[in-house]
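Below is one structure, written out as C-alpha cells; the observations come after it.
The values are calculated or read from the model by the stated rules, or taken from the named source; none is laboratory data. What you are looking at is a predicted structure, and each value in this text was computed from that prediction instead of being measured. In this analysis, Cβ positions are derived from the backbone assuming ideal geometry, glycine residues included, and neighbour counts consider all displayed protein chains. Keep in mind that these areas ignore ligands, DNA and RNA; they rest on the heavy atoms of the full protein, side chains included. Shrake-Rupley method; radii C 1.70, N 1.55, O 1.52, S 1.80 Å.
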Amino acid sequence: MICYDYVNNYIRKTIKKNRGILRELEEYAEKNSIPIVHPEVARLLVVLGKMQKPRRILEVGTAIGYSAILFSTVLEPGGIIDTIERYEPMGEQAKENIKRAGLQDTINVIIGEASEVLECLDKKYDIIFLDAAKGQYPEFLPHCLRLLRSGGLLVSDNVLYKGMVASDDLVIRRKKTIVKRLRDYLDSLCSSEELETSILPVGDGIALSYKL
Ligand code: SAM
C-alpha cells in the first residue's frame, strides 16, 4: 500500500460497501488472489462515473468482470461497456459473471491482446479505464488518445506501483523496466497538449486524465 495503513483501513471501513454480485466477486477475488480494483478505487470510479454520465466505456483488463460490472452502475440507459482480456479462461469467467448479473447485453468482453484489439476499435468512448499490464501503458496511450472523446476521462490504475515509481530506493531490480515505462507514461500524460492530468495516491496510484 502506498498510503499509511491506518488511513487506508479507516477509508475502507467508512466507504459504502457493495452488495450482491459485486460483494460476491470481491470475496471470490480475495480467496483466489485475483487482482481487482481496491475498494477505495472502486468508490472513486463510481463517483467519477456518476459525474461523467457515460454512454460508452472501454476497459483494458477485465479479469473476472468485477470493475466492468461496477461501471455498469454508472452507465446512462442504453450505454455499453467494451472490456478487453487476453487470458481466455479469465475472459470466459468474466462472461459467466456478467451473464449472472444479467448484463450480457451491456458488457461486451473482447478476448484478445489489448494492443491488437485497440488497433481495431474506432468508435469514441466517454471513459477509458486502463487496468492491465502496466509496462504496456505507453503502447496503449496513442490508442486511448484516439478513442477518447473530447471531454472524456482516461483513468489509469497502478501508476505508482507500490511506490516504486516515486522512489528509486523502493525499486526492486526485476521491476526496473516496468517502473521506467510507468515513469515515461506519466511524463507523457502530464506533458500532453491534449490532456489535463492529476496523479492521485489512491490504491496503487491512479492517473486521471481529462481530454481537452
Ligand atoms: N479491472 C479488473 C477489475 O478490477 O475487476 C482487474 C484487472 S487485472 C488487474 C488485469 C487483467 O488484465 C488480467 O486479467 C490480465 O490477464 C489482463 N491483461 C494484462 N495485460 C493485458 C493485455 N495486454 N491485453 C489484455 N489483457 C491484459
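Yes or no, residue by residue, for (1) open to solvent by 10 Å² or more (accessible area, probe 1.4 Å); (2) touching a residue at least 24 places away in the same chain (Cβ under 8 Å):
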position	(1), (2)
Val41	no, yes
Leu45	no, yes
Gly49	no, yes
Arg55	yes, yes
Glu59	no, yes
Thr62	no, yes
Ile69	no, yes
Pro77	yes, no
Ile81	no, yes
Residue pairs within 7 Å by beta carbon, gap of at least six or interchain, first lying in the stretch 112-123 and more than 15 Å from Ile81 (Cα to Cα), second more than 7 Å from the ligand (Cβ to nearest atom) and open to solvent by 40 Å² or more (accessible area, probe 1.4 Å), listed first then second, are Ser115/Glu139
In the stretch 84-120, anything in contact with a strand residue (DSSP E or B) (Cβ under 7 Å, 6 or more places away or on another chain), more than 9 Å from the ligand (Cβ to nearest atom) and part of a loop (DSSP other than H, G, I, E, B) is listed as Thr106
Within the stretch 126-133, is even one residue modelled with pLDDT of 95 or more, more than 25 Å from Pro201 (Cβ to Cβ) and more than 10 Å from the ligand (Cβ to nearest atom)? yes
Filter pass, Gly102 being loosely packed, with under 13 Cβ neighbours inside 10 Å, of a type outside the set (Lys, Arg) and out of contact with any Pro (no Cβ under 6 Å at 6 or more places or on another chain): yes
If you take the residues of the stretch 164-211 that are open to solvent by 30 Å² or more (accessible area, probe 1.4 Å) and in contact with a Pro (Cβ under 9 Å, 6 or more places away or on another chain), which of them is modelled with the lowest pLDDT? Ala166
In the set Ile128, Ile81, Ile69, the lone residue that is in contact with a strand residue (DSSP E or B) (Cβ under 9 Å, 6 or more places away or on another chain) and part of a helix (DSSP H, G or I) is Ile69
Within the stretch 2-21, restricting to residues that are over 23 Å from Ile69 (Cβ atoms) and in contact (Cβ under 8 Å) with a residue 24 or more places away in the chain, the one that is least open to solvent (accessible area, probe 1.4 Å) is Asn8
